[in-house]
Amino acid sequence: MMWLSLVVAWLDWLLQVHCVASMPLTKHLKVAIVDPNPALSLRNYYDKSEMPDSRVSTITPATISLFKDVGAWEHVQQQRHAFFDQMQVWDYTGLGYTRYNARDVGKEYLGCVVENKVLCNSLLLSLQQDADSRKTIIPAKLTSMTLPPKSPSSGSSIGHTTMDKLSGMAKSDETFEQIQLRRLAKLELSDGQHIYSKLVVGADGAKSHVREMAGIKTSGWNYSQSGVICTVEHTLENHCAWQRFLPSGPIALLPIGDKFSNIVWTMGSDDSTRHKLMSVDDFVEAVNYALDHGYGPHPQSSSLDHYIESLPWITGPGTLSTREHFEVPPKVINVVSERMAFPLSLMHAHNYASSQVVLIGDAAHAVHPLAGQGVNLGFGDASALAKVIAEGLSLGADIADLALLKKYEKERKAANITMMAILDGFQKAYSVDFGPINLVRAAAFHGAQYIAPLKKTIISYAMGDKKWPLFS
């Protein structure tokens, strides 16, 4: 039997443990990671000479800062990663495009593409180097979870007054430890262990068992689309993130280092199966067709565009990308990884926190991958939860206090729902091929390309700046 302060069920959001371990007020908490992933036993860096994995994440400067704070970024730097300082987004109709440049907001880069296995490995390596943190890694699955009964008056977990009454009714042969265990969540694991914890953090993905066992409901819908991912090769190194909206959904080309890029291609479920099974040559041809002249012409600058460029009160000083013209992405010459496909959906938990259970990451929300923001939302959850717990401890609160956890929920729901609404709106707006809507989309592209305050706002928000400096 193990008695813990905090259990993080599964490894999907290892950063949560790191945030807790790095704060003075939470460093003393006993934490367990419950996850059967064999990567938990890895102790070395991934070899940069290996072919890049197809599962990657685009992390923002805000997430990079968080990794630096917990000491994990130095390990990412020793493994494959690729910064990009430019981005181009355009529509298959040829009616508009927009380019972004990190120098527009005085930064060196817009983001960094990192393989998921590198992110997890870097967090693990830095945890293993922290001799002071009190963490235990358990390579097992969660099979059942029993929570203490709720107080009828408050709806929260049983408090000290109720427990005192129960203690008075305890059998004479019951030990004090057995009485105390009544306050804790009991988790039974696939290896036969059972552990007790004050707080269970469900970080086990969109199909979260913790969320299901806690009885937390969700809302959402399927997009009737799948995302096809793989790693491709070019003749030259790619330093730009590219995204083109097609009739079936967006296709993204993301740099991953050397002469490699990652493909994230949204399409119908039947089409995804066909693209997975087609020959390498046919798939390469399909990718180049989708990223170049296929489905419609390249965007062309009009006389109106040139006129707008001449108006400094619109384009603004120092916004370099307003004068950058459309470019054709680098040609793909080969596929160097397995092609994988996964169904796309939107999901949001009605509650992030309940009695002695809290959800973070995909366990609380799942979004469309068209902007690569899902992982950054999850890391934001982990950071916010650690801060709320630390603030609670400084005031003498219990880490499982529902009122405390609701503060985390309130903060993160606002940020997550906003991003979910934006991404879902983009998905729906670009799923319709209709003349008037196409013109509206073109106007949006032109606004994002030439109106400097709007461009800077979009960049700042995408980079993780929560201030939304619209006209600063």
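The values are calculated or read from the model by the stated rules, or taken from the named source; none is laboratory data. Source: prediction; values computed, not measured. All Cβ positions, glycine included, derive from the backbone under ideal geometry; neighbour counts span all protein chains shown. Areas reflect the complete protein model, heavy atoms only, side chains present, ligands, DNA and RNA absent. Shrake-Rupley method; radii C 1.70, N 1.55, O 1.52, S 1.80 Å.
Contact map, the stretch 45-74: first residue among the charged types (D, E, K, R), second residue outside any strand (DSSP E or B), Cβ cut-off under 7 Å, separation 6 or more or different chains; pairs are LYS48/GLN79; LYS48/ARG80; ASP53/LYS117; ASP53/SER337; ARG55/ASN116; ASP69/SER22. Only residues that are open to solvent by less than 10 Å² (accessible area, probe 1.4 Å) and over 15 Å from LEU119 (Cα atoms) were counted across the stretch 375-387, and they come to 4. As for the stretch 1-21, it holds no residue that is loosely packed, with under 15 Cβ neighbours inside 10 Å, modelled with pLDDT of 65 or more and within 17 Å of LEU124 (Cβ to Cβ). Scan the stretch 360-369 for residues that are assigned to a helix (DSSP H, G or I) and either open to solvent by 20 Å² or more (accessible area, probe 1.4 Å) or farther than 21 Å from GLU115 by Cβ (or both) and jot them down. Hits for the stretch 360-369 are ASP362, ALA363, PRO369.
Within the stretch 222-273, the residues that satisfy the criterion of being farther than 20 Å from HIS293 by Cβ, among the small types (Gly, Ala, Ser) and not in a strand (DSSP E or B) are SER269, SER272. In the stretch 118-146, the residues that are modelled with pLDDT under 80 form Cβ pairs under 9 Å with partners that are of a type in the set (Ser, Thr, Tyr), at six or more places apart or across chains, as follows: ASP130/SER22; SER133/SER22; ARG134/SER5. Does any residue of the stretch 182-190 turn out to be touching a Lys or Arg at 6+ places or on another chain (Cβ under 9 Å), closer than 30 Å to LEU110 by Cβ and assigned to a strand (DSSP E or B)? No, the stretch 182-190 contains no residue that is touching a Lys or Arg at 6+ places or on another chain (Cβ under 9 Å), closer than 30 Å to LEU110 by Cβ and assigned to a strand (DSSP E or B). Filter the stretch 414-453 down to the residues that are open to solvent by 50 Å² or more (accessible area, probe 1.4 Å), in a helix (DSSP H, G or I), hydrophobic (A, V, I, L, M, F, W, C) and modelled with pLDDT under 85 and list them by number. Passing the criteria: PHE426, ILE437, LEU439, VAL440, ALA443, ALA444. Selection of the stretch 72-103 for residues being more than 24 Å from TYR45 (Cβ to Cβ) and open to solvent by 10 Å² or more (accessible area, probe 1.4 Å) yields ASP85, GLN86, MET87, VAL89, TYR92, THR93, GLY94, LEU95, TYR97, TYR100, ARG103. Looking at the structure I just gave you, is SER219 open to solvent by 70 Å² or more (accessible area, probe 1.4 Å) and not β-branched (Val, Ile, Thr)? No.
Scanning the stretch 339-351 for residues that are at pLDDT 95 or above, out of contact with any Gly (no Cβ under 7 Å at 6 or more places or on another chain), under 30 Å from VAL200 (Cβ atoms) and part of a loop (DSSP other than H, G, I, E, B) turns up at least one hit.
For the stretch 264-280, the count of residues that are surrounded by 15 or more Cβ atoms within 10 Å (Cβ to Cβ), within 23 Å of ASN101 (Cβ to Cβ) and either hydrophobic (A, V, I, L, M, F, W, C) or touching a Gly at 6+ places or on another chain (Cβ under 6 Å) (or both) is nonzero.
Each residue in the stretch 235-251 was checked for being surrounded by 20 or more Cβ atoms within 10 Å (Cβ to Cβ) and among the polar types (S, T, N, Q), and 1 of them qualify.
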